[in-house]
Amino acid sequence: MSPMSPRLLRPRSSGFSPRSIANLGGWWDATDASSYTLDAGVSVWRDKSGLGQAFRQSSLTSQPTINASGINNRAALSFDSSNDWMDLESQTLGGNDLGFSAGSPFTLFIVHRYAGVVGAHLFAKASATSANRTLGVETRTDSTYGFRARGAQSGFHANGLAINANDVLTIQWSGAALTYSSRTRASTSLTVGTAAVEAENITLGARTASSPVGFYNGLVGEIIFFNAVLSAADKSRLSAYIQAKWGFALP
């Protein structure tokens, strides 16, 4: 009997990607060079969900660059804390205004590596007025993240975010409750305020698209957004995908 072909003995690829899960509302993948356009840096970072969204930056001096081995030897966008940032050019993400309304649940995952600048904004839909920010994710003086959710402030002081450590943030809104988790912090409930939803575009690497400040210092490898709370089974599948790709699982 002839030996079985080595090709047949290899495990099959699962073919899994975030598109395998229902309600995908946005997917940005820095390891896919076809998803971005390079100028001085990255001028366009295109969404792979099929919804046609893109983070953009037309100013050459404000374009993040590509670090080819930034996170676990995989490519990531590098933000310099000086003036690098990108604008989704939309007030919604996957059609969701991130306003924490009862009928608009969502789950947001961000694979990143924080380099230690205080007051830097990783992700935001926010104005200059802190009390009115719809959503702000920023680093604090104790190396943890501070959050704004419809104007409410929530921060974390124990188990601070490690500098220059690979991480994945998860922000989940069920329609009634908001939770946050990372590799350095177990899932924790957050407070949602009552401020109006900001008429501001969603930004990456800075606060306030109309007058950007608070520039992020670090790397961003992947952003995955769902217009839903994931089931345990789907979260497990996504965690296995991130583990295989980035070398660490969801918390």
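The values are calculated or read from the model by the stated rules, or taken from the named source; none is laboratory data. Note that this is a predicted model, so its numbers are computed, not measured. As a convention, Cβ positions derive from the backbone with ideal geometry for all residues, glycine included, and neighbour counts pool all protein chains shown. Heads up: the accessible areas ignore ligands, DNA and RNA and are worked out on the full protein's heavy atoms, side chains in. Shrake-Rupley method; radii C 1.70, N 1.55, O 1.52, S 1.80 Å.
Results, tabulated for the structure shown:
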quantity	calculated
Accessible carbon and sulfur surface of the chain relative to its total accessible area, %, 1.4 Å	48
Accessible area in the full protein assembly, largest first, 1.4 Å probe, for D29, D80	D80, D29
Gain on full stretching of the segment that runs from S59 to S236 - 0.36 nm per residue minus C-alpha separation	59.8 nm
List T203, T179, ordered by accessible area with a 1.4 Å probe, largest first	T179, T203
Whole-number accessible area per residue in Å² for the chain, which is evaluated in the context of all protein chains at 1.4 Å	42
Förster-model FRET efficiency, 35 Å R0, L38 and S210, C-beta, rounded to 0.05	0.85
Ordering of 108-119, 63-74 by packing [mean C-beta count within 10 Å, highest first]	108-119, 63-74
Mean-position separation - Cα centroids, the range 72-118 and the range 192-251, in angstrom	5
Value at 222 nm in deg cm²/dmol, rounded to 500, when DSSP H runs of n ≥ 4 in the chain each add -39,500 (n - 2.57)	-2000 deg cm²/dmol
Answer label for Rg and Dmax of the Cα atoms in Å (calculated), chosen among (i) 19.6, 74; (ii) 18.2, 75; (iii) 17.0, 55	(ii)
FRET efficiency, 1/(1 + (r/R0)^6) with R0 51 Å, evaluated for S130 and S20 via beta carbons	0.85
